[in-house]
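Below: one structure, written as structure tokens.
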Amino acid sequence: MLNFIGIGSAFNTELGNTSAFVKNNNNLLLIDCGGTVFHRLQELDLFEGLENLYIIITHTHPDHVGSLGEVIFYAYYILKRRPTIFFAKKELIEGFLTSIGVSAEMYKLNSFERIDMNDTQLGEYSIEFLPVSHVDTIPAYGFIIKLDGKVFYYSGDANDISNKVINRIMSGEIYRVYQDTCGLDYEGNNHLSLRKLCSIVPLQFRNKFYCIHLDKYRTEKEIRH
Ligand SMILES: [Zn+2]
Ligand SMILES: [Zn+2]
């Protein structure tokens with residue numbers, strides 16, 4: 001089960017940038033690291049006793065990597081740990097980190113599209129990155145993660161859900177879906193409108209969906225309807 005640090009869209013600072021984590025004893029798996037995330041990690045004391053830190057990055061928009069540099073610096077200089085970054089496009093993330101002064105010895109990078117990990121506290125987990133449709137300027141990924149024997153789909157920022165994922169939801173393989181959604185509905189939208197989500201997902205599977213990356217155009221109550 002994922003815990004959320006924030007569930008807002010880029011400009012919805014009240015809800016914080018969308019980011020989630022799993023912490024087991026001293027080891028932390030973090031999903032995305034937008035501009036508001038470092039501050040929240042401090043507030044929530046999530047660096048307390050930290051040994052292993054893994055960070056999954058879905059794409060390089062600022063609301064997903066804005067404080068990644070600070071988190072790596074903090075881990076490296078203060079905690080004396082090198083976080084492991086999971087991102088499928090090696091050169092892109094290396095170039096980004098280099099440009100903000102984060103050098104290669106401060107982190108480990110795993111850019112395979114399928115990853116199997118075995119962590120002393122988090123146990124065995126696997127990540128499968130899936131390209132998603134978001135913007136034309138940079139690549140974006142969702143992923144399927146198997147953790148604690150359960151399978152989750154996390155969309156990242158996406159304006160669609162692939163048929164492959166829908167089939168895996170309908171077959172029962174995927175236990176829960178965390179999907180980027182937005183209240184606004186217009187042609188060329190970079191996020192998935194609630195109208196489109198409802199047209200893609202049959203009614204009996206909607207209870208598997210958790211809406212994330214919320215904008216200010218719908219309240220949580222409206223989304224539930
Ligand atoms: Zn975003
Ligand atoms: Zn984005």
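Can you tell me how the chain classifies by the Cα gyration tensor, rounded, prolate or oblate, using a/c under 1.5 as the rounded cut?
Prolate shape, in that a/c is at least 1.5 and a/b is the bigger ratio.
Using the alpha-carbon centroid of each, what span in Å lies between region 1-58 and region 161-212?
Cα centroid of region 1-58 versus Cα centroid of region 161-212: 23 Å apart.
Read phi for every residue in region 55-60 and hand back ³J(HN,Hα) as whole Hz from Karplus 6.51 cos²θ - 1.76 cosθ + 1.60, θ = phi - 60°, with x for Gly and Pro.
Values, residue by residue: 10, 8, 10, 8, 6, 9 Hz.
Starting from the Cα-Cα distance between Phe205 and Lys90, subtract it from 0.36 nm times their residue separation and give me the gain in nm to one decimal.
Difference between extended and current length: 37.9 nm.
Mind running the shape call on region 117-163? Use the C-alpha gyration tensor, a ≥ b ≥ c as the square roots of the eigenvalues: rounded below 1.5 for a/c, prolate if a/b tops b/c, oblate otherwise.
prolate
Would you kindly derive the ³J(HN,Hα) couplings of region 163-172 from the backbone phi angles with the Karplus curve 6.51 cos²θ - 1.76 cosθ + 1.60 (θ = phi - 60°), listing them in order in whole Hz, with x for Gly and Pro?
4, 4, 5, 4, 4, 6, 6, 5, 6, x
With θ taken as phi - 60° and the coefficients 6.51, -1.76 and 1.60, list the Karplus ³J(HN,Hα) couplings across region 111-116 in order, rounded to whole Hz; mark glycine and proline as x.
Result, rounded to whole Hz: 10, 6, 7, 10, 10, 10.
Give me P(r) over region 72-119, computed from all C-alpha to C-alpha distances, binned every 5 Å, as integer percentages.
5, 21, 29, 23, 16, 7, 0
Can you tell me how much longer the chain between Leu44 and Asn163 gets when fully stretched, taken as 0.36 nm per residue apart minus their C-alpha distance, in nm with one decimal?
39.1 nm
State whether region 127-208 is rounded, prolate or oblate according to the following rule on the C-alpha gyration tensor (a ≥ b ≥ c being the square roots of its eigenvalues): a/c under 1.5 gives rounded; otherwise a/b larger than b/c gives prolate, and the remaining case gives oblate.
Oblate, because a/c is 1.5 or more while a/b does not exceed b/c.
Say we join alpha carbon atoms closer than 10 Å with springs in a Gaussian network model of the chain; which of Lys150, Lys164, Lys208 then has the biggest fluctuation?
Among Lys150, Lys164, Lys208, the largest mean-square fluctuation in the Gaussian network model of the chain belongs to Lys164.
All other residues with a Cβ under 10 Å from the Cβ of Gly34 taken together, and with Lys, Arg as +1 and Asp, Glu as -1, what is their net charge?
Summing Lys/Arg as +1 and Asp/Glu as -1 gives -1.
Mind giving me the nanometre distance, one decimal, between the label points for Arg82 and Thr120, set 7 Å out from Cα along Cα→Cβ?
According to this spin-label approximation, the distance is 1.7 nm.
Where does each of 86-99, 46-59, 4-17 land if you order them by average Cβ count within 10 Å, highest first?
46-59, 4-17, 86-99
Could you look at region 1-91 and say what percent of its accessible area is carbon and sulfur, using a 1.4 Å probe and all protein chains?
Roughly 50 percent, rounded to a whole number.
Rounded to two decimal places and with Rh computed the Kirkwood way over Cα pairs, what is Rg over Rh for region 30-112?
With Rg and the Kirkwood Rh in hand, the quotient comes to 0.92.
For Tyr77, Tyr154, give me the order by solvent-accessible area with a 1.4 Å probe, most accessible first, ignoring ligands, DNA and RNA.
Largest accessible area first, the residues go Tyr77, Tyr154.
With the other protein chains left in place, how much accessible area per residue, in square angstrom, belongs to the chain at a 1.4 angstrom probe?
49 Å²
Share of region 119-225's accessible area from carbon and sulfur, percent, 1.4 Å?
That share works out to 49 percent.
Tell me what the chain gives for mean residue ellipticity at 222 nm when only DSSP H runs of n ≥ 4 count, each as -39,500 (n - 2.57), the sum divided by the residue total, rounded to 500 deg cm²/dmol.
Value at 222 nm, helices only: -5000 deg cm²/dmol.
The values are calculated or read from the model by the stated rules, or taken from the named source; none is laboratory data. This is a predicted model, so every value here is computed, not measured. As a convention, Cβ positions derive from the backbone with ideal geometry for all residues, glycine included, and neighbour counts pool all protein chains shown. Just the protein is used for accessible areas: all its heavy atoms, side chains included, with ligands, DNA and RNA removed. Shrake-Rupley method; radii C 1.70, N 1.55, O 1.52, S 1.80 Å.
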